[in-house]
Amino acid sequence: MSKREIMIVDDQPSTCKEISAYLHNDYAVHAFKSGAEAMRYLGNHQVDLILLDYYMPEMTGFEVLLNILQNKATEDIPVVFLTAEVNDRMEIEMMQRGAVGYLCKPVDANKLRQTVAKHMPAQPRVQQA
């Protein structure tokens with residue numbers, strides 16, 4: 001059985017490396033440093049869950065999420081935001097815009113694993129023809 005696939009989108013290579021290290025034993029992890037790179041990858045590949053940085057240059061996490069939700073092939077992928085700061089307004093906005101959750105950076109390994117397990121779909125996504 002192949003591993004479930006997780007996409008990490010964060011402009012900080014250290015965050016991608018850290019999260020990948022926490023998850024690589026159980027999941028196939030694909031890390032991208034920009035929203036544009038992530039969207040290109042999603043044009044030809046399926047992932048089961050996306051961990052998405054809230055603040056990124058060029059294309060923000062919300063802009064990436066909007067693109068994901070507007071595409072029939074990706075609209076049902078669960079998205080968990082990664083953020084260094086969160087307040088009540090941000091939390092409400094993240095959920096209203098379609099995220100399933102968020103994790104504060106630096107990411108706690110146990111909380112990360114729990115969040116991924118909670119939001120991972122019951123069935124793997126299949127490649128669209």
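The values are calculated or read from the model by the stated rules, or taken from the named source; none is laboratory data. These numbers come from a predicted model, not from an experiment. Glycine also receives a Cβ, built like all others from the backbone with ideal geometry; neighbour counts cover every protein chain displayed.
Summed over the range 8-20, the residues that are in contact with a strand residue (DSSP E or B) (Cβ under 9 Å, 6 or more places away or on another chain) and surrounded by fewer than 23 Cβ atoms within 10 Å (Cβ to Cβ) give a count of 7. Whether a residue is modelled with pLDDT of 95 or more, surrounded by 12 or more Cβ atoms within 10 Å (Cβ to Cβ) and not small (Gly, Ala, Ser) was assessed, and Tyr41 passes this test.
Residue count for the range 51-66 under the criterion of being surrounded by 16 or more Cβ atoms within 10 Å (Cβ to Cβ) and either farther than 15 Å from Asp10 by Cα or not aromatic (Phe, Trp, Tyr) (or both): the result is 8. Scanning the range 59-75 for residues that are in contact (Cβ under 8 Å) with a residue 12 or more places away in the chain and in a loop (DSSP other than H, G, I, E, B) yields Met59, Thr60, Asn71, Ala73, Thr74. Scan the range 108-129 for residues that are among the β-branched types (Val, Ile, Thr) and more than 13 Å from the chain's Cα centre (by Cα) and the total you get is 1. State the number of residues belonging to the range 1-58 that are out of contact with any helix residue (DSSP H, G or I) (no Cβ under 7 Å at 6 or more places or on another chain), part of a helix (DSSP H, G or I) and aromatic (Phe, Trp, Tyr). Matching residues across the range 1-58 total 1. Filter the range 83-116 for residues that are hydrophobic (A, V, I, L, M, F, W, C) and either touching a Lys or Arg at 6+ places or on another chain (Cβ under 7 Å) or under 25 Å from Gly43 (Cα atoms) (or both) and give the result. Residues satisfying the conditions are Ala84, Met94, Met95, Ala99, Val100, Leu103, Val116.
Each residue in the range 68-108 was checked for being surrounded by 13 or more Cβ atoms within 10 Å (Cβ to Cβ), more than 21 Å from Met39 (Cβ to Cβ) and aliphatic (A, V, I, L, M), and 5 of them qualify.
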